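These notes are about the structure you will find just below.
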């Protein structure tokens, strides 16, 4: 069964304090791994797609990496505006469904 | 280009009433998903359509829930009769199905409260 587990559930950082969010996955052949950001009262907003182990993607203070069993979202020198819930999803080669983890709620304190 | 459009944004209804949620996917996308989000269970996939045909409805909680996609630009999720435990945020998402894996794009959601 395809599964996605995210940790930690919640993370509080001081502004400028770098850290990483983890997404562990089990899937019968990975078609893609996706990171989203969700702000309160809004729908998830797409950030990155990763396809194969060793791949990395960057956008501003965020960098996503992928291994065969997990993905990390590294946040470098975060700012308060990076506060949000970050969601990870996987898509298997056997179907088109996206399976989501329960997310990491990030709070960046000024 | 407009994103995924959902309506209404908020719905408050009494237990036992019928509720219909609406979604307009991104033009050109051929796959559509309905998700339900709660604090306890996160984002749960309810049903997935490809080319207007339901492919996987294993996530639909029970017979009170039904979904239709009469054409490529419109889908509905209906709950009849509604119950308080159906209170959640319902999201619609769409994508262009590809062997390479293309991200799904989400609407702003409908917050449903059943009292």
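What follows is calculated from the coordinates using simple rules that are stated; it is not laboratory data. None of the values given here were measured: they were computed from a predicted structure. Here the Cβ positions follow ideal geometry from the backbone for every residue, glycine too, while neighbour counts run over all protein chains shown.
Placing pseudo-labels 7 Å out from each Cα toward the beta carbon at residue A:81 and residue B:98 gives an inter-label distance of 2.8 nm.
Work the Kirkwood hydrodynamic radius out for chain A: mean of 1/r over every pair of different alpha-carbon atoms, inverted, in Å.
On the way: mean 1/r = 0.0719 Å⁻¹.
13.9 Å is the Kirkwood radius here.
Shielding by partners for peptide A:31-44, expressed as the average number of C-beta atoms from other protein chains within 10 Å of each residue's C-beta, is 4.
At full extension, residue A:28 and residue A:12 could sit 2.4 nm farther apart than now, given 0.36 nm per residue minus the alpha carbon distance. Computed over all pairs of different Cα atoms, the Kirkwood value for the hydrodynamic radius of the range B:24-100 is 13.0 Å.
When a footprinting reagent is the concern and you count Cβ atoms within 10 Å, what order do A:37, B:41, B:111, B:36 take, fewest first?
B:41, B:111, A:37, B:36
What FRET efficiency would be calculated for the residue pair residue A:94, residue B:41, taking the C-beta separation as r and a Förster radius of 25 Å, to the nearest 0.05?
Numbers: r = 23 Å, r/R0 = 0.93.
Result of the calculation: an efficiency of 0.60.
Give, to the nearest whole percent, the P(r) tail of the range B:58-115 beyond 14 angstrom, counting all Cα pairs. Across the range B:58-115, Cα pairs with separations above 14 Å total 66 percent.
Hey, got the average number of other protein chain Cβ atoms within 10 angstrom for residues in B:29-41? Present the calculation step by step, with values, prior to reporting the outcome.
Numbers: counts 0, 1, 3, 0, 3, 0, 4, 0, 7, 0, 1, 1, 1.
What the average comes to for B:29-41 is 2.
Could you give log10 I(q)/I(0) at q = 0.07, 0.12, 0.18 Å⁻¹ for the protein assembly as shown, computed by the Debye formula over C-alpha point scatterers of equal weight, without solvent? Log10 I(q)/I(0), no solvent term: -0.22, -0.65, -1.32.
Here the calculated FRET efficiency for residue B:9 and residue A:59, from their Cβ-Cβ distance with R0 = 35 Å, stands at 0.80, rounded to the nearest 0.05. Here the peptides B:64-72, A:50-58, A:82-90 are ranked by packing, the mean other Cβ count within 10 Å, and the order with the highest first is A:82-90, B:64-72, A:50-58.
Cβ crowding within 10 Å, taken as a proxy for footprinting-reagent exposure, orders B:15, B:60 from fewest neighbours to most as B:15, B:60.
Can you give me the Cα centroid spacing of the range A:35-71 and the range A:74-104 in angstrom? After rounding, the separation between the Cα centres reads 6 Å. Peptide A:87-97 has a mean of 4 when you count, residue by residue, the C-beta atoms of other protein chains within 10 Å of its C-beta.
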